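A short write-up of the structure that comes next.
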Amino acid sequence: MKKTVIAGNWKMNMTRAETKAFFREITTQIRAKGGCGVVLCVPFTDLAAAARGARGTGIKIGAQNVHYEKKGAYTGEISAEMLREAGASYVIVGHSERRQYFGETDETVNLRARAALAAGLKVIICLGEMLDAREKGVTDEVVSMQTKLALRGVSEKELRSVIIAYEPVWAIGTGLTATPEQADETCGVIRATVASLYGKKAAKKLVIQYGGSMNEKNAADLLRMPNVNGGLIGGASLKPAAFSAIVAAANENEKR
Ligand code: PGA
């Protein structure tokens, strides 16, 4: 996996027609080959169109959730195999919006991550503290616990297909961004936790992204931090110009 990975999270935005238009535009601006890794995580119904639009560009396509069973009576859910067949090679699990609004727990995040890894998908595991935890000074404890619980039963080999996205919940969609120092410090806590589980070498290789109001203006400063290896971008990933500017900032940073 590339050392810097910029991933977009479209959330519940973009129809299939809008997806096609987005890829027509973005592919004139981004050539992922040779640069940082670029992933776009789109709604299920856009996967096929996105995969077609990204063909030949090196941009990878991901989904935003996956069920942990292979098949069966789980109305409304989608399996890892279905995602792969639709053109996804990545999937986000444990996004804070799923934890907040859809009853996702550390346990189900772990089950989903393991099912996705077993099916050969790369997984972007999201975690991060709520404002209350930051204010009470327990951010490190919260992210360390979330990291351990998310990775339970994940082998060292599977860890190579894992990205962790540190997303302070108070910074998502709010326009509030963690300072580069805050982002670096907490990504460092996550890396130290991974080192305690898998050793220093594996932890060093792990891609840890920052997410939460990252945009074309603040990306360069965040990406410069040693523990920040990329971004998970919501709002700004819907605009081709903003998203490609963030990718350009990451490519510049890789050259440093
Ligand atoms: P945002 O979302 O960039 O719109 O804050 C980030 C995310 O939720 O992944």
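None of the figures in this text is laboratory data; all of them are computed from the coordinates on show. Source: prediction; values computed, not measured. Cβ sites come from the backbone with ideal geometry, for glycine too, and all protein chains shown count toward neighbours.
Of note:
- Extension gain, Glu25 back to Thr45 (0.36 nm per residue minus Cα-Cα distance, nm): 5.2 nm
- Taking other Cβ atoms within 10 Å as a rough exposure proxy, Trp10, Trp170 sort from fewest to most as Trp170, Trp10.
- For the stretch 162-177 and the stretch 135-150, distance of Cα centres in Å: 14 Å
- Tail beyond 30 Å, pair distance distribution of the chain (Cα, percent): 20 percent
- Ordering of 174-185, 53-64 by packing [mean C-beta count within 10 Å, highest first]: 53-64, 174-185
- Gain on full extension, evaluated as 0.36 nm per residue between Ala73 and Asn13 minus their Cα-Cα distance, stands at 18.9 nm.
- Its Cα centre serving as origin, the chain has a Cβ charge dipole (Lys and Arg +1, Asp and Glu -1) of approximately 1140 debye.
- Burial ranking of peptide ranges 35-44, 14-23, 198-207, 216-225 (average Cβ count within 10 Å, highest at the top): 35-44, 216-225, 14-23, 198-207
- Relative contact order for the chain, counting Cα pairs under 8 Å that sit 6 or more residues apart, in percent: 20 percent
- Remark: relative contact order (the stretch 1-127) = 22 percent; criterion is Cα-Cα distance under 8 angstrom and separation of 6 or more residues.
- Taking amide hydrogens as placed 1.01 Å from N in the peptide plane, the amide H of Val93 sits under 5 Å from those of Ile124, Ile125, Cys126, each at least 5 positions away in sequence or on another chain.
- Debye, to nearest 20: dipole size of the stretch 1-127, +1 on Lys, Arg Cβ, -1 on Asp, Glu Cβ: 600 debye
- For the stretch 139-228, averaging the sequence separation of C-alpha pairs within contact (under 8 Å, six or more residues apart) and dividing by the residue count gives a relative contact order of 39 percent.
- Close amide H partners of Leu40, meaning residues 5 or more places away or on another chain with modelled amide H under 5 Å apart, are Gly8, Lys60, Ile61, Gly62.
- From the alpha carbon centroid of the stretch 52-104 to that of the stretch 187-256 is 21 Å.
- Cβ-defined net charge surrounding Ile125, 14 Å radius [Lys, Arg +1; Asp, Glu -1]: +4
- In order along the stretch 75-86, the Karplus-derived 3J(HN,Hα) couplings, from 6.51 cos²θ - 1.76 cosθ + 1.60 at θ = phi - 60°, round to 3, x, 9, 9, 8, 4, 5, 4, 5, 4, 5, 7 Hz, and Gly and Pro are given as x.
- Over the chain, dividing the summed -39,500 (n - 2.57) contributions of all DSSP H runs of at least 4 residues by the number of residues returns a 222 nm mean residue ellipticity of -13000 deg cm²/dmol.
- Near-label residues of the stretch 153-183 by backbone N, under 17 Å of a point 7 Å along Cα→Cβ of Leu197: 153-167
- Shape of the stretch 139-228, Cα gyration tensor, a/c cut at 1.5: prolate
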